[in-house]
Amino acid sequence: QVQLVESGGGLVQPGGSLRLSCAASGSFFSINGMGWYRRAPGKQRELVASITSGGSTTYADSVKGRFTISRDNAKNTVYLEMSSLKFEDTAVYYCNAGVRVRLSTTVLPYWGQGTQVTVSS
């Protein structure tokens, strides 16, 4: 069973910073791409940032220059450094990973349970 466990959410003032972490655990062969999504109140879930196993990154236009995604393959962990936070960054943030459970299986998406980020003064 593969589990993704997020941590690091919380309440922060506008202009502040937070660091989210997501660690994958369980039995699996490999992890491909990893990413962070978010769902703000009343809105659909959107991709915030993603990173391939080789370290290539993509970002939503709304977070470019403010957020940085990184990963530690040895720890099966992905991070999201968020700075210059804005009110509109308030959302539940979800970790996602493409996991190959066994060499013979396809890559399947797994999700974390979500962590709340609230930007408020």
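Quick notes on this one:
- Relative counts (whole %) of C-alpha pair distances in the range 61-121, using bins that are 5 Å wide: 4, 14, 19, 23, 18, 10, 7, 4, 1, 0, 0
- Per residue, the solvent-accessible area of the range 44-121 (1.4 Å probe, heavy atoms of protein chains only, all protein chains present) comes to 53 Å².
- Dipole magnitude for the chain: computed about the Cα centre from +1 point charges on Lys and Arg Cβ and -1 point charges on Asp and Glu Cβ, it is near 160 debye.
- Here the range 2-34 is scanned for amide nitrogen atoms under 15 Å from the site 7 Å beyond the Cα of SER84 along Cα-to-Cβ, giving 14-18.
The values are calculated or read from the model by the stated rules, or taken from the named source; none is laboratory data. Everything numeric in this text was worked out from a predicted model, so none of it was measured. Reconstructed Cβ throughout: ideal geometry from the backbone, glycine too, with neighbour counts over all protein chains shown. Side chains included, ligands, DNA and RNA excluded: accessible areas come from the protein's heavy atoms. Shrake-Rupley method; radii C 1.70, N 1.55, O 1.52, S 1.80 Å.
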